[in-house]
Amino acid sequence: MFTIKTPLLALVVLATLTACGGSDSAVEEPVVVDFDIEMSDFSMDFDTSQAFALNHRIPVSFTIRGTDTSITEVTNIPVSFSFVEKNPADPAAPIVCSSNAIDVELPANGAPVVVENEFIWPVSECQILAEAGREVELQVGFFRDETELKGNVTATLPTLTLREGGTDVEYELTTESSVALLAITEAEESPTPVLSVKSGFVFNGADPYFSKIDASEIPADLQVVDAETGLSIQQELTYGMTEAQLNQLGKLPASVTLTYVLIPESAPGIILPLMIGQQDGSTVASFSFNEIQPGIADEAHHDLYLEGADLAAVQDGELANETHFILRGCVVTSFSQNGNDGDLANDCKDVDVNLERESATAVTAASNSSFKKNQKRNAGNARIAIESEMDVDNTLSRNGILSRATGEVALRGNIGKSFDFTIAEAIAEAIVTKDKSSYFHQIKAFNVVVAGDTKEGKEHLKLKNEFEQDKAQEVAGLGFGFGPVRLGFKISAGGRVGIDVDDDMDLLTDLSECQLLLVSAEVVNTCGYLTRSVEPNFSFTGRIFGGLDLRIVKAGVDANLHFLENRFPLTGVLSFGLTDDDRILVRGDVTLDHTLQTISGKVKLVGTIKVFRFRRSKSVTLVSFSSKPVTQNLLRRSTEGTLELL
């Protein structure tokens, strides 16, 4: 971090015209501009002619650049926003309330950075202004470490009128894919979700810096008594409230209910209810909740299903040829909402999706018989997300047998700095042809091969082993605005990646053995088989930790997230045979189960700020996710006898 202790001078060259000897000439004269940071193109997604409700978030966007070209490294600048009383009764002491800083990463070359869809809040400290319906002016501050930088704001910052506001639940909806899949499900297999979605809920009307703090959420180095106040930070973080009042922080007046439907674009009057998958494999028509972490979007992940007559209508009924649908998620409250004008339209969200139908593969007259499954999940949000993919391919073809199971997990996000890296990869492959057998198993952790084995030959191959490795890696340089400063921290991602393998494969030339293997009276001169049980598995958690102890701010974070639990045991018996007249016979059955739990947990920054308009002890919720482990029977497939391939 490059620290600026005194204001820097940015030189802007202007052209002026002077007259000399009856002729005009352009003379360039350097003009000293005394600022370090420049902000332009500020916009606020709100009609400023309307009064804005207290403790409701305001979407803002702006462009910012550093003006000192001598800085040769990337720096992070907390950009703070304050609401300042306009035309105060006491000009020397206007009422001021401040939102949290937005942490912006600036490149070293002075190039502009566009910041979009960030949020600021007029918080509870603005209560006096809201009660009186007073106007406030928006002011911006720029900081590096403990130093406030000189800024130049070229955009016109708006004036707002504040009002007291009630509770409003703002709703967000995204899908993991724009394609909905209507999969074919065999007997004993778990239904495949049509869509996997993320729903976010924002509690407008609650102070984003007030939330109940457990002792476990306060880093150890903050567990001290402040010499000035005589209070510990845990005492300060009670905000002068009783225990009963603290227990109500984040609580809604009553339950909120979320439902999903699918609507064909060509027939908007037809509503197809979508069911929500549960941990035990059952489904429910709605999701209800009565608590939201203030200040951010609480996120819930749902697998959605069509059932009964609605499923039949899309499969082979009146909507069998419809491909374009609208996914609609709606929240319904039993209490009156009192948000800003735009907020009232946020109770339903629509997403366009294309519906694809899985086609049945005829295995009685084909060149191969395959049992495949692929599943991708993207859980989290723009700040931190876990992406995982599982792919299983079991194919009987004229070339022989292929069985492959692969898995990959990646951690991505942006918290003051973008990060993107693969946590783990695993592959377990076995191949049997008329010439040889082979296997290949490998696991990687953080792009490094940590275990594996490979072998091929004509002899009987058998392997039973458990490959596993515990690894961890840190992502440094992350940060988040806390008052006028940047709270830097790290993410430590760690856990176990492994493959449990039990493979048995061989080539046979004994007629009776081949006939027994294929349950056939045909003259089979050569045959091969693969019996396998293989289970790629991933289990990863994350720790987010860091802090700062400055003259004006003492703050920290130390929290744990459950990133991913992913296991997909595959078992199968696959065989093929070559008859005396060169025909190919195959036989097989495959079972695949899947246990998955995506990202869950919450991260809070806590601390005390001791400088003018930011003076307070507070907590800021960085992320909050919820998920539960779900186990599914993904494949229960068989050739249902011995087949001949064409």
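The values are calculated or read from the model by the stated rules, or taken from the named source; none is laboratory data. Owing to the predicted nature of the structure, the values given are computational and were not obtained by experimental measurement. Don't worry about glycine lacking a Cβ; one is built from the backbone with ideal geometry, like all the others, and counts go over all protein chains shown. For accessibility, only protein heavy atoms count, side chains too; no ligands or nucleic acids. Shrake-Rupley method; radii C 1.70, N 1.55, O 1.52, S 1.80 Å.
The helix-only estimate of mean residue ellipticity at 222 nm for the chain, built from DSSP H runs of length n ≥ 4 each weighted as -39500 (n - 2.57), is -1000 deg cm²/dmol after division by the residue total.
In this view, the solvent-accessible surface of Arg134, computed with a 1.4 Å probe and all protein chains in place, comes to about 80 Å².
Recomputing Cα extents along the principal axes in Å from the coordinates shown identifies the correct label among (i) 89, 67, 54; (ii) 103, 69, 61; (iii) 97, 57, 51 as (ii).
In this model, which of Lys490/Lys604; Lys251/Lys602; Lys376/Lys471; Lys212/Lys604 are farther than 18 Å apart at the alpha-carbon? Going by Cα-Cα distance, Lys376/Lys471 fall outside the 18 Å limit. Mean separation of Cα pairs under 8 Å and 6 or more residues apart, divided by the residue count, gives the range 98-151 a relative contact order of 26 percent. Which aspartates and glutamates does Lys436 reach when only Cα atoms under 14 Å apart count, and residues fewer than 8 places away in its own chain are ignored? Straight-distance partners of Lys436: Glu456, Glu459, Asp504, Asp506.
Check the straight Cα-Cα distances from Lys86 and name the aspartates and glutamates below 16 Å, setting aside those fewer than 8 residues away within the same chain. Filter leaves Glu125, Glu131, Glu135, Glu137. Accessible surface of Asp47, taken over heavy atoms with a 1.4 Å probe and every protein chain present, rounds to 80 Å². In this structure Asp500 has an accessible area near 40 Å², from a 1.4 Å probe over the protein heavy atoms. Neighbours of Asn117 by Cβ distance under 12 Å: Lys/Arg scored +1, Asp/Glu scored -1, total -3. Normalising the Debye intensity of the range 37-165 to I(0), with uniform scatterers on Cα atoms only, and taking log10 at q = 0.13, 0.15, 0.17 Å⁻¹ returns -0.55, -0.71, -0.88. Please work out whether the range 185-286 counts as rounded, prolate or oblate from its C-alpha gyration tensor, where a ≥ b ≥ c are the square roots of the eigenvalues and a/c under 1.5 means rounded, while otherwise a/b larger than b/c means prolate and anything else oblate? Since a/c reaches 1.5 and a/b is larger than b/c, the shape of the range 185-286 is classed as prolate.
Look at the dipole of the chain built from charges on Cβ: of Gly641, Ile276, Ala320, the Cα furthest out on the positive end belongs to Ile276.
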